[in-house]
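The values are calculated or read from the model by the stated rules, or taken from the named source; none is laboratory data. Since the structure is predicted, the reported quantities are computational estimates derived from the model, not experimental observations. Don't worry about glycine lacking a Cβ; one is built from the backbone with ideal geometry, like all the others, and counts go over all protein chains shown.
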Amino acid sequence: MTGEGKIVESTMERWYEAIKKRVSVRKYSSGVSRDELKVLKEAASYFSTDDVRIVVGKKMGIFNPIIAKTISGTDSFAAIISRNGDNDYTVGLVGEAFVLECTAMGLGTCWLGASYNRSIANQCIKFDPKREKIRCLISVGHYNAAPAHKRVRKTIYNLTGLEDNAFRKLPDWQKCAVECGRLAPSARNVQPWEFDMLEDAVQVACISKNFGYGGIDCGIAMLHIEVGAAHCGVYGDWQTDDRLPLFTADHSLNA
């Protein structure tokens, strides 16, 4: 989210705590209230960019159990809509900002690439099919208990190629960035990324298309990396022109 400059430290710290708590919720006790929906719409507007926007709403049947067997108990959603072509990294980054904000509010979420009723979504969500595309939906709602499934994650070595001794010698902000990045959710928990530790930078390599969601997955990990760095007082910028996202610390911004 560095495109807008340095996000308020308190927000990044809330997201840092949310990363540790966030789980994928498929069974909800209820959707969001009218007041909560208003707050979420404000957040969606704030996080939207020129390339990606978020539409928040409620619609009965959008998680039809015949179509989306994994989601029940809510009809509240956020649609992540891409504009102007290929921008999956931004889709993931912007969408995960919304997810972490929901988590900080005490709400459950689940990223959905296909498990929703597309016909209903196309009818209730206003978008321009000539230049926009619904890339994902995120279910949102209240839940009574944490899901039983555990978040199995790749090891630091598998992510970075670094042995324990080499990893411990990294600057604290890089270590925290990696730890947060490895907690990022991904389609089918494939974790289609590797992290390269460079001088004053972290580079993300997408190593799998992951059924067409690999770029979005890496965008999610990108936000986690940025939040981990911010937890240590380090802010910077993402560069994606070479197709390998690179987060470089900008010490003029750092606390």
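For the reader, a short list of remarks on this structure follows.
- Among the candidates D75, D51, D88, residue that is in contact with a Lys or Arg (Cβ under 8 Å, 6 or more places away or on another chain) and touching a residue at least 60 places away in the same chain (Cβ under 8 Å): D88
- Filtering segment 85-109 to residues that are under 22 Å from D35 (Cα atoms) and either charged (D, E, K, R) or under 10 Å from the mean Cα position of the chain (by Cα) (or both) leaves G95, E96, A97, F98, V99, L100, E101.
- Residue in segment 37-44 that is surrounded by 21 or more Cβ atoms within 10 Å (Cβ to Cβ), within 14 Å of the chain's Cα centre (by Cα) and assigned to a helix (DSSP H, G or I) present: yes
- Residues of segment 178-218 that turn out to be out of contact with any Gly (no Cβ under 7 Å at 6 or more places or on another chain), more than 15 Å from Y157 (Cα to Cα) and either among the aromatic types (F, W, Y) or in the same structural domain as R135 (by TED's automatic domain parsing) (or both), as a count: 1
- Pick from segment 94-110, criterion part of a helix (DSSP H, G or I) and small (G, A, S), ranking: surrounded by the most Cβ atoms within 10 Å (Cβ to Cβ): G95
- Residue check for G228: touching a residue at least 24 places away in the same chain (Cβ under 8 Å), surrounded by fewer than 19 Cβ atoms within 10 Å (Cβ to Cβ) and within 23 Å of T103 (Cβ to Cβ): no
- For segment 164-182, a residue qualifies if it is exposed (fewer than 15 other Cβ atoms within 10 Å of the Cβ) and closer than 25 Å to K150 by Cα, and exactly one does: D164.
- Candidate set from segment 201-219 (those that are of a type outside the set (A, V, I, L, M) and farther than 25 Å from D250 by Cα); member that is surrounded by the most Cβ atoms within 10 Å (Cβ to Cβ): Y213
- Scope segment 116-140; condition of a type in the set (S, T, Y) and surrounded by fewer than 20 Cβ atoms within 10 Å (Cβ to Cβ); matching residues: S119
- From the list S115, S82, the lone residue that is in a loop (DSSP other than H, G, I, E, B), under 20 Å from the mean Cα position of the chain (by Cα) and touching a residue at least 12 places away in the same chain (Cβ under 8 Å) is S115.
- Residue within segment 205-223 that is assigned to a loop (DSSP other than H, G, I, E, B), of a type in the set (D, E, K, R) and free of Cβ contacts under 8 Å to residues at least 12 places away in the same chain present: no
- G233 being out of contact with any strand residue (DSSP E or B) (no Cβ under 8 Å at 6 or more places or on another chain), assigned to a loop (DSSP other than H, G, I, E, B) and in contact (Cβ under 8 Å) with a residue 40 or more places away in the chain: yes
- Inclusion of S139 among residues that are of a type outside the set (A, V, I, L, M), assigned to a loop (DSSP other than H, G, I, E, B) and at pLDDT 95 or above is not warranted.
- Out of S186, S252, sole residue that is closer than 17 Å to V94 by Cα and among the small types (G, A, S): S186
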